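See structure below.
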Amino acid sequence: MSKHSRNMMWSLAWIWLACVFCNVAQAVAPDWQVVNYPNYTGVLARVKLDGVPIHSEGSLLAAFHGEELRGVAEILGANPDDDIDGEYYFSLLFGSSQSGETGFTFKLWNSADDTIYDLDKTLDFDTNYPQKPEIYGGFTAAGFAPCIMNVVPPAPTTYAITIVNGTASKAEAAAGEEITITSNNPDAGMVFDK
């Protein structure tokens with residue numbers, strides 16, 4: 001084996017070890033299986049997380065009717081071929097067996113943090129969606145007007161703290177649930193840490 005080949009093998013080994021020890025992992029998209037239907041409608045959407053548009057390549061927007069997945073689209077706008085206005089967006093088609101159906105909900109898989117989020121938008125199925133850019137996003141006289149969807153913030157987690165004989169224990173409580181904190185030593189100060 002030549003000196004060059006040994007050096008290449010050692011270099012590859014060091015790269016592999018660095019990946020293992022640094023816990024390098026790529027986000028894996030959810031294995032969403034779309035149920036196909038004969039009729040389709042669409043939405044041109046921009047999704048925001050904490051007021052900032054999602055811009056993570058590979059992110060997915062999915063349309064659901066109940067628990068049934070009716071459509072999935074990958075984020076667009078990362079290259080000049082699919083850029084509309086310099087921002088990232090989703091062009092999602094979703095299906096139905098009817099010409100009108102209500103109550104479609106949406107989820108986002110954000111590739112940047114490998115998390116699935118519920119979105120605040122609910123839409124009805126309408127095959128005339130291109131003529132309704134104010135609802136489904138699209139083009140108006142002023143230019144591209146996307147449908148804006150926002151990530152629904154998760155409910156805050158609250159905890160019930162029980163102090164017995166100076167020892168504190170923590171148990172999760174439902175958001176909004178009233179909790180009571182008691183102490184057998186009312187003169188002692190209480191310090192709470194996350």
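The values are calculated or read from the model by the stated rules, or taken from the named source; none is laboratory data. Note that the structure is predicted; figures quoted are calculated from it, not measured. Heads up, the Cβs are rebuilt from the backbone with ideal geometry, glycines too, and the neighbour counts pull from every protein chain shown. SASA here: full protein model, heavy atoms, side chains in, ligands and nucleic acids out. Shrake-Rupley method; radii C 1.70, N 1.55, O 1.52, S 1.80 Å.
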### Query
If Lys and Arg each add +1 and Asp and Glu each add -1, what is the summed charge of the other residues whose beta carbon sits under 15 Å from the beta carbon of residue 126?
0
### Task
Enumerate the calculated ³J(HN,Hα) couplings along segment 139-150 in order (Karplus 6.51 cos²θ - 1.76 cosθ + 1.60, θ = phi - 60°), each rounded to whole Hz, writing x wherever the residue is Gly or Pro.
10, 10, 4, 7, x, 5, 10, x, 6, 8, 10, 10
## Note on the structure
The answer for segment 49-115, accessible area per residue at 1.4 Å probe in Å², is 47 Å²
### Task
Add +1 for every Lys or Arg and -1 for every Asp or Glu among the other residues with Cβ under 13 Å from the Cβ of residue 40, and state the total.
-1
### Summary
Note on segment 65-140: alpha-carbon gyration tensor, axes a ≥ b ≥ c; rule is a/c under 1.5 for rounded, else prolate if a/b larger than b/c, else oblate; result oblate
### Query
Could you state the number of Å between the C-alpha centres of segment 23-71 and segment 88-141?
10 Å
### Query
When all protein chains stay in place, what accessible area (Å², nearest 10, 1.4 Å probe) is found for residue 93?
90 Å²
### Query
Percent of accessible area on segment 88-153 owned by carbon and sulfur, 1.4 Å probe?
50 percent
### Query
Using a basic spin-label model with each label point 7 Å from the Cα along Cα→Cβ, how many nm lie between residue 40 and residue 131?
2.1 nm
